[in-house]
Every structure is written in C-alpha cells, then in structure tokens.
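See below for the structure under consideration.
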Amino acid sequence: MNESQRRSLPSPGFLRCLTLAVCVGSITAAAADADPHYQRFLQARGEASWIGANAEHPLAVTPYRPIPALDSFPADPVKRDLGFDLFHDASLSRDGSTGCNTCHRGMLGATDGRTVAQGIGGALGKRNTPTVFNAAFNFRQFWDGRAVDLDAQSIAPITDPVEMGHDMDAVLTALRENPAYSARFEAVYPDGVTAANLGNAISQHTKDMTRTDSPFNAYLQGEQAALSEAALRGRERFEALGCVACHNGINLGGNSYQSMDLGRQFAESVTGAVQDEGLAGRTQRADDTAVFKVPQLHNVALTAPYYHDGSIPTLEEAVVTMARTQAGREPSASDVADIVAFLESLSSQFFARNASQMSAAEIQNSMRQQMPDAMQHQQHQQHQQHQQHQQEGTSPQPMHQHNPAHHGGQ
Ligand code: HEC
Ligand code: HEC
C-alpha cells in the first residue's frame, strides 16, 4: 500500500464527529496525532509488519497477506455467544422483521443477493449490501467508511430508518427488560446493557465471521497446489493490469478510498448512480464525489451483484468494467476468464461447496461450530441442560434452537 494511493480526509476529527455514535467511540482517537484505527489496521496484529520486516519471508515482496486465523481475535466466549444471538435477533428492529442476518446471509457470502438492501416494511436503501465475512480487516466500515470500527458499525443498522428502523433507547429498554439478555450483558459488561456494549457484543460475532478456508489463503500459506492453472494466470493478470494497486493487503481491498480513474464519468455511465455522492457525503469536498472505500474481494464470487449500487450483475462484467475504467485496458476474453478463476479462489470453500444445499438452520449451526470458544461454551451449556433435562425427564432442545430468533433465516 502506497501512501499516495490513500485519500486522506481533510479533518478526521471533525468528520468522525458527524455521527454521534462514531463520535462517542472516538473521543480519545480525535486527540491522538495519528488515527489509531488506521494504525491498528496497519499493524494487523503485527503480522503484516512482521512479514515486511523479514526480507527472507516468501511473502515479503507480494502485495497480499494471509487472513489471520479466527482464534487470533481474543474474545470472551460469553460475549461471542451473546453477539451471535443479537446478530440473529429480528426483535432489534422496529417491527420485529429484520435482523442483521436478514441482509447478511451466510449462503450468499454474508450478503443478501439484492441490488440494494431491503429493510423493514420493504424499504429500499441506496446501497448494495457488502459482505461481513472478513470485514474485521477493513480499515473502516461502510462504502463511505463512516464507521471507524466494527463496534461503531454494529449499532448503526439498528437505528438506520430503512434497515432496522428502531429507536436505540427502546432497544436498550427491551434488552434490559429481557431477563435472559440483561443477565448475559451484566455477566460480561460491568455497566450492563448500553449502546456501546451492544455494539461491542455484536462485533464479537462479526469478527467470528472471518473465513480463512479459501484456496488463495492456503496458497499464501505455502500450499502451492491450492490454485488452478487458470487462477495462477489470473493472479498474474490481476497484477499486470494494475488491479492490485487498489485491491491489496489482507482483504485485497478494504484499506483505501479510491475514485475511479474517470471518477464521475464512471459513476454516471456505468452505474447511473452519481446521486450517491460517496465520500463527499461526509467530507463535503467536490473532489470526493463518487469516491468509495475499495471493496474487499474475499468471497466476491458469492456476493453478486456488484458495486456500491449493485448495478453490475456478474463477476465477469465487474472485471471488464474495472479493467476498462481503472486500468484503461480492454481485457481479452482469456484475461477475464483467468481473473474470474483467481477471484473464485478467494471463496470460502465451505460456503462455495455446501451453502446452496444447506438449510438456514444448518448454516447457522455450522457457523457456530466454526467458533471454537463459543462452541465450547455452548456444549458446556447444552451438557448442563441435558443433565438437567434428564433429571427432569424432559427432552433436550437442539442447541441452535435455544433462541427462537435463530429461525429468522440466515
Ligand atoms: C436491511 C439490510 C441490512 C441489515 C438489516 C443490516 N445490514 Fe449491514 N449492511 C447493509 C448495507 C446496505 C451496508 C452498506 C451500507 C453503506 O455502506 O452505507 C451494510 C454494511 C455492513 C457492514 C460493513 C461492511 C463493509 O465492508 O463496509 C457490516 C460489518 C455490517 N453491515 C454488519 C451488520 C450488522 C452487525 C447488522 C445488524 C446490527 C447489519 N449489518 C444489519 C445492509 C444491512
Ligand atoms: C483505482 C483503484 C482500483 C483499481 C485499479 C481496481 N479497482 Fe476494483 N474497485 C475499486 C473500487 C473503488 C470499487 C467499488 C466501485 C463501486 O462500488 O462503485 C471496486 C470494485 C471492484 C469489484 C466489485 C466488488 C464488489 O463487492 O462489488 C471487483 C470484482 C473489482 N473491483 C475487481 C477489480 C479488478 C479485476 C481490477 C483490475 C482489472 C480492479 N478491480 C482494479 C477500485 C479499484
């Protein structure tokens, strides 16, 4: 990542304070000289810099970094489990219809497959739903980067009028009045149910939605045979055509804001959506019109349609459009096929192979099984319940049914 490729904000402290939730989360950050969230991203728990500092490391001269393992996020298992339930709880929305999982569905690469998101009462948003898989490695969240971290991001949809449309005070009151939830909050947060703790609990689950089981990740970790010939050629063309200038790092994106080479012209001619001012909506700078956070590319083959407005239906078309507008090149048919093969190698194999044949409950259960700590916690709970039920002569509930909200669809 070259510093000149990054578009910096004119006054980060002021901009962060445009939204209250984000402002509250970063009062200390505003005082710091450097943005600590960006510093944290750069460090990526030390792994990126460790590779960079070691000239002998096989990845030292590559623009990519392996996805850190799921267990690299230290988290209290109770918080993780609480976050899982909150993520799948539609009662956090005003009419009880919409949970985070309504729009971020595992089998659709943690998106919704729609052009733009559809929230409560069928209300349409203006942007395409990005994946939450590996979102933990984005330097900021949302297409315009308005949330500095996942804690701040996690509470935003709850009060967004077209997403979950609720009132934060009402949500907090309902959670406090719900004995099961309030006890779980109090067990891990000294101040119990607050907006900040709600965001923190949900973000524990979002971090758990890190997927490391892609062929490309295996390849980066030394498994040379993990990529097909076409994917290997595609990787070369991805670099030769300059895609890697913006799509690099752990997430092959998610670490800078970029305008299209042809900026507004791109937005008008290709997406027809110049009414979405992108970063300019936050910075009020004309230059930032049609500037967006570069999307990450992990699982991109599972997350059609594409771009901030969902205007591009297939991955092939996304590659062609990118090559034309970003690289000023007309890609050959073989370039497109190879780059698509490369992008397909960024898919979680679990979801690419199985998800379409699984029910929502099976997917949720398998997501839970990929959360080692929470799973142990659940097994422990289930074991206790099981013993209790045996004593009482009642039959045990399947684990994923202990909260009815889990059946709202993944
Ligand atoms: C109505 C559909 C909908 C619901 C419900 C919803 N989201 Fe989203 N999500 C979106 C859309 C659309 C965006 C992009 C919005 C933007 O950039 O302005 C998004 C963005 C995100 C991002 C940022 C990803 C990135 O790459 O920037 C995360 C993380 C996320 N959502 C998690 C959640 C969580 C957690 C919840 C529940 C509290 C939730 N979402 C509820 C549609 C939804
Ligand atoms: C100058 C920076 C830049 C370059 C170079 C670039 N991209 Fe992008 N890419 C972006 C931005 C910004 C977006 C989001 C565009 C939008 O939503 O309007 C994007 C979006 C995409 C998407 C859609 C992702 C999604 O989830 O919607 C794909 C796929 C993609 N790029 C692949 C490529 C390929 C392949 C190349 C090389 C031919 C390339 N990009 C070159 C900045 C870049």
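Where a number appears in this text, it was derived from the coordinates with a stated rule and is not lab data. Quick caveat, the model's predicted, so the values are computed rather than measured. Using ideal geometry, Cβ is built from the backbone for each residue, glycine included, and neighbour counts are taken over all protein chains shown.
What to note about this one:
- Qualifying lysines (Cα of each under 27 Å from Cα of Lys79; at least 8 residues distant if same chain): Lys207
- Linear extension gain, Ala327 paired with Ser182, 0.36 nm per residue minus alpha-carbon span: 46.9 nm
- Using the Cβ-Cβ distance between Glu236 and Ala123 with R0 set to 41 Å, the FRET efficiency from 1/(1 + (r/R0)^6) comes to roughly 0.40.
- Glu344, Glu177 arranged by Cβ crowding within 10 Å, fewest neighbours leading: Glu177, Glu344
- The length gained on full extension between Ala196 and Ala60, counted as 0.36 nm times the residue separation minus their Cα-Cα distance, comes to 45.1 nm.
- Simple spin-label estimate for Asp287 and Arg353 gives 4.9 nm between the two label positions (7 Å along the Cα-to-Cβ direction from each Cα).
- Packing-based exposure ordering (other Cβ within 10 Å, fewest first) of Ser214, Ser97, Ser91, Ser334: Ser334, Ser97, Ser91, Ser214
- The percentage of C-alpha pairs in region 215-347 whose separation is greater than 23 Å is 31%.
- Proximal lysines to Lys126, defined as alpha-carbon separation beneath 21 angstrom and excluding residues fewer than eight positions away on the same chain: Lys293
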